[in-house]
Amino acid sequence: MKLSQNARIVLYGTMTLFFWFALYAFVPYLSTYAYSMTSNTALIGMMLGAYGWAQILFRVPIGVISDRHNNRRFFIRTGCALLLVSTLGFYFSNNVYWLILFRAVSGISAAVWVVMSVLFGGYFAPEYRVKALTILNACNLFGQMIASLIAIQVTAKYGISSTFLIAAAGGLIALLISFTLKEKKFDRKPLSLKNLLAVGRSKWVLMISAMCILSQLMFFATTSGFTPQLALALGSAPSTLGWIQLLSTAGGA
């Protein structure tokens, strides 16, 4: 069945919503879940950080390879599949080392976000690319908010491990939708390694990157890291930890 442009945009936004739903449904509870397996905060920090390290290692290579082969659907589908694997892996993990592994797998999955943004932007005329990315980021954040609202209810009734199953359901929906995507070929020559390194030395890129590093540090060290542990220490019930993420993403959405 041939889909209209608007239908493809709606499907893409829906896929993005469920992709980030699956990535963040369990995040407020992850450090607490890990703490039930070990009291070693260094290991818990390593588990939380594996998500970021995986993205550092894989984001640029994924972007370069997808540009070189002018193929982004493959990476998006692979990312959705890895997301599904990671959420089920969390559910069946019985020690913190498995959590570290599957947190890294979820980081590799999240590394396709740039590719997802590029392909979605290609569905729009050049003058509407910023608008396109704004729409896509809104879907991203609304996915996180919906995940938080559902997780609050589910954890209250079934416990923290149930968040991995609702995340897996979201990942499966994102994966199924990813097979409906239309590839958009870009008529441009990929940057050479020399030019890519030159971009990386730009003072504007370095300045904005530094700001992003600080922003990510604050978010992952607090909301997605140890703020839930502080909330528990202050008497919060585990089922209410989703409110922390909900409130932190509401403004952005």
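The values are calculated or read from the model by the stated rules, or taken from the named source; none is laboratory data. The model shown is predicted, which means the values in this text are computed figures rather than measured ones. Note that each Cβ is placed from the backbone with ideal geometry, even for glycine, and that neighbours are counted across all protein chains shown. Note: areas computed on protein heavy atoms with side chains; ligands, DNA, RNA excluded. Shrake-Rupley method; radii C 1.70, N 1.55, O 1.52, S 1.80 Å.
Quick look at the numbers
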{"quantity": "Residues satisfying the stated conditions in the range 230-240, i.e. at pLDDT 75 or above and either in a helix (DSSP H, G or I) or surrounded by 12 or more Cβ atoms within 10 Å (Cβ to Cβ) (or both)", "calculated": "LEU230, ALA231, LEU232, ALA233, SER236"}
{"quantity": "First in the range 36-49 and under 7 Å from VAL96 (Cβ atoms) and part of a helix (DSSP H, G or I), second anywhere and at pLDDT below 85 and among the basic types (Lys, Arg), Cβ under 6 Å, 6 or more apart", "calculated": "none"}
{"quantity": "Residue in the range 105-113 that is at pLDDT 95 or above, closer than 29 Å to ASN195 by Cα and surrounded by fewer than 20 Cβ atoms within 10 Å (Cβ to Cβ) present", "calculated": "no"}
{"quantity": "Residue identified as in a helix (DSSP H, G or I), modelled with pLDDT of 90 or more and exposed (fewer than 15 other Cβ atoms within 10 Å of the Cβ) among LEU83, LEU57", "calculated": "LEU57"}
{"quantity": "Options LEU172, LEU214, LEU176, LEU196: the member that is open to solvent by 100 Å² or more (accessible area, probe 1.4 Å), closer than 29 Å to TYR123 by Cβ and part of a helix (DSSP H, G or I)", "calculated": "LEU176"}
{"quantity": "Tally, over the range 60-80, of residues that are part of a loop (DSSP other than H, G, I, E, B) and basic (Lys, Arg)", "calculated": "1"}
{"quantity": "Single residue of MET46, MET1, MET15 found to be at pLDDT 90 or above and open to solvent by 30 Å² or more (accessible area, probe 1.4 Å)", "calculated": "MET46"}
